[in-house]
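Structure first, commentary second.
The values are calculated or read from the model by the stated rules, or taken from the named source; none is laboratory data. Since the structure is predicted, the reported quantities are computational estimates derived from the model, not experimental observations. We place every Cβ from the backbone using ideal geometry, glycine too, and count neighbours over all the protein chains shown. Just the protein is used for accessible areas: all its heavy atoms, side chains included, with ligands, DNA and RNA removed. Shrake-Rupley method; radii C 1.70, N 1.55, O 1.52, S 1.80 Å.
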Amino acid sequence: MRYPLASLGEYVNFSNGKASPNRDLGGPYFVFGSNGLIGQAQEFNAPAGTTIIGRVGSFCGSLHYSKQPCWVTDNAIKATSKSPLENTFWFYALTNRNLNDLSTGSGQPLINQTALKSVQLPVPPFEDRVRIGAILSSFDDKIELNRRMNETLEALTQAIFKDWFVDFGPVRRKQEGATDAFGILGGLIRNSARAAEVAAIFPNSFGDDRLPEGWDTYSLDELATLSKASLSPSKTPDQVFEHHSLPAYDKGEEPVTETGSSIMSNKFLVPSDSVLLSKLNPEISRVWVPNPKVKHTQIASTEFLVLVPRQGFGRSLLCAIFRDPTFRAGLEGMVIGTSKSHQRISPTALMAKEIVSGELRAFIKFESLAAHLLEMRLSLRSEIRGLAETRDYLLPKLMSGEVRVHDAQKLAE
């Protein structure tokens, strides 16, 4: 049974936002423009449960949702349900409709409230609208929780890396007289037996080179090899690939699954134990650890460097180095090319660059700790992908009535 059509204006109120408030002082309320979150302010002009619709420009028709009161600027439109219980439903209903095709004007696209109010959409009964909104938002809630957990795991990994290999914290604390393993490691490892084992590998003094006694500085070439194996996907048009591209990374760090017939240029093959580092515009951090548990051949844009750790090192270490602010700052000083949009790093120069100071036992111990955290992050990332795919599968079917609410609830549990 399909649901009957009705106009959006019968169920949703629309109003334009207002000029952006003072964002310099920050505040508890998020500020949204047509391109999403742009800051925080001390005041709000939209209630919790508002859908923000890009009104003008290149983000015309974009959609964002705020669970909290927020400020919506004048280049966006506020949409709120006439029944607050349905706010999430109407956000997803709008997501299921390409709003950009409502825009007018070639030079400066524009969407107006009249066009939005006249949009015809399938409308389930009230009870189903509420339940559909709850089902779909439960997927996004789980996705957001996983993202926050991933951020926490990454922050922990980077904190350990910085303390050990940038600040030399354990060595400094030993030099200052610390003897307790927990204190030597700055409280970052709470298991007492493991802490004692790790603390023992750090020297208690610095050499004349200002490095921990017995430590050396390593170039990237000493830690990893640069894989240049490539293929032309178009030569096998029916083969399915997992394509790691810059747009795919920016969209959510998930490769795009597509056939060779749609991929025209040569691509790098991606080994299962590799780390991808973008050589384009290094002020944008793009460090990608491909998930090895996939069904299809993995390939990457030639704008990525494909790095495979040498024996004794690991991809967790490479990933931590590449995400470290000190390394990022060094990359920005290595760019070649005058065009701001096409500045690149020379692979040869990067491989020769000294990037980290350490000692093999410390690197191995770091990898043993960080690899577990990385596997957890990859598992969470796969779960995010599965949740998003299920949500996107259900969205149009729930909105049309092709899938009934009670069936979808089983998938959301």
(message) It is to be established whether one or more residues within segment 327-334 are acidic (Asp, Glu) and under 26 Å from ILE384 (Cα atoms).
(response) no
(message) Checking the conditions here, which among SER357, SER346 is surrounded by fewer than 19 Cβ atoms within 10 Å (Cβ to Cβ) and under 12 Å from PHE161 (Cα atoms)?
(response) SER357
(request) Taking PRO4 as meeting all but one of (1) in contact (Cβ under 8 Å) with a residue 60 or more places away in the chain; (2) surrounded by fewer than 19 Cβ atoms within 10 Å (Cβ to Cβ); (3) more than 24 Å from the chain's Cα centre (by Cα); (4) closer than 17 Å to ASP140 by Cβ, write down the number of the exception. (result) (4)
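Considering only residues that are small (Gly, Ala, Ser) and part of a loop (DSSP other than H, G, I, E, B), look in segment 154-178 and name the one that is farthest from LEU318 (Cα to Cα).
Ranking the qualifying residues of segment 154-178, first place goes to GLY177.
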(request) Any chance you could count how many residues in segment 60-83 are under 24 Å from GLY401 (Cα atoms), open to solvent by less than 60 Å² (accessible area, probe 1.4 Å) and part of a loop (DSSP other than H, G, I, E, B)? (result) 1
(request) Could you check how many residues of segment 218-236 are open to solvent by 20 Å² or more (accessible area, probe 1.4 Å) and either in contact with a Lys or Arg (Cβ under 9 Å, 6 or more places away or on another chain) or not in a helix (DSSP H, G or I) (or both)? (result) 12
(message) What's the number of the only condition in (1) within 25 Å of SER138 (Cβ to Cβ); (2) in a loop (DSSP other than H, G, I, E, B) that ILE53 fails to meet?
(response) (2)
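So which residues in segment 384-413 are acidic (Asp, Glu), within 18 Å of TYR3 (Cβ to Cβ) and in a helix (DSSP H, G or I), if there are any at all?
ASP407 - this is the single residue of segment 384-413 that is acidic (Asp, Glu), within 18 Å of TYR3 (Cβ to Cβ) and in a helix (DSSP H, G or I).
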(request) Tell me which residues, restricted to segment 116-153, are over 28 Å from ARG385 (Cα atoms), assigned to a helix (DSSP H, G or I) and touching a residue at least 12 places away in the same chain (Cβ under 8 Å). (result) LEU116, LYS117, PHE126
(message) Within segment 94-115, does at least one residue satisfy the condition of being among the charged types (D, E, K, R), surrounded by 16 or more Cβ atoms within 10 Å (Cβ to Cβ), out of contact with any helix residue (DSSP H, G or I) (no Cβ under 8 Å at 6 or more places or on another chain) and at negative phi?
(response) yes
(message) Suppose the filter is part of a helix (DSSP H, G or I), touching a Leu at 6+ places or on another chain (Cβ under 6 Å) and within 23 Å of THR225 (Cα to Cα); does GLU375 pass it?
(response) no
(message) GLU86 - would you say it is open to solvent by less than 60 Å² (accessible area, probe 1.4 Å), over 30 Å from ALA320 (Cα atoms) and of a type in the set (Asp, Glu)?
(response) yes
(message) Could you list, ordered by first residue, the pairs with Cβ atoms under 7 Å in which the first is in segment 343-364 and of a type in the set (Ser, Thr, Tyr) and the second is open to solvent by less than 30 Å² (accessible area, probe 1.4 Å), at least 6 apart or interchain?
(response) SER357/PHE165; SER357/LEU211; SER357/TRP215
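Yes or no, residue by residue, for (1) open to solvent by 20 Å² or more (accessible area, probe 1.4 Å); (2) aliphatic (A, V, I, L, M):
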position: GLU127; (1), (2): yes, no
position: ILE132; (1), (2): no, yes
position: LEU136; (1), (2): no, yes
position: MET149; (1), (2): yes, yes
position: SER192; (1), (2): yes, no
position: VAL198; (1), (2): no, yes
(request) Out of the residues in segment 284-320 that are more than 20 Å from PRO233 (Cα to Cα), part of a loop (DSSP other than H, G, I, E, B) and free of Cβ contacts under 8 Å to residues at least 60 places away in the same chain, state the one that is least open to solvent (accessible area, probe 1.4 Å). (result) GLY314
(message) Whether any residue in segment 249-265 is modelled with pLDDT of 95 or more, buried (at least 16 other Cβ atoms within 10 Å of the Cβ) and among the aromatic types (Phe, Trp, Tyr) is what I want to check.
(response) no
(request) Output yes when any residue across segment 238-247 is over 30 Å from ARG147 (Cβ atoms) and in contact (Cβ under 8 Å) with a residue 24 or more places away in the chain, and no when none is. (result) yes
(request) Mind listing just one residue for me: the one in segment 24-44 that is out of contact with any Leu (no Cβ under 6 Å at 6 or more places or on another chain) and buried (at least 19 other Cβ atoms within 10 Å of the Cβ) and, of those, nearest to PRO109 (Cα to Cα)? (result) SER34
(request) Would you mind stating whether ASP167 is open to solvent by 40 Å² or more (accessible area, probe 1.4 Å), on the phi < 0 side of the Ramachandran plot, under 33 Å from the mean Cα position of the chain (by Cα) and among the acidic types (Asp, Glu)? (result) yes
(request) Kindly list the number of the only condition in (1) crowded, with 19+ Cβ neighbours inside 10 Å; (2) in a strand (DSSP E or B); (3) touching a helix residue (DSSP H, G or I) at 6+ places or on another chain (Cβ under 8 Å) that fails for SER15. (result) (1)
(request) Sort out which residues of segment 254-283 are free of Cβ contacts under 8 Å to residues at least 40 places away in the same chain and part of a strand (DSSP E or B), and write them in order of number. (result) VAL256, THR257, GLU258, THR259, LYS267, LEU276, SER278
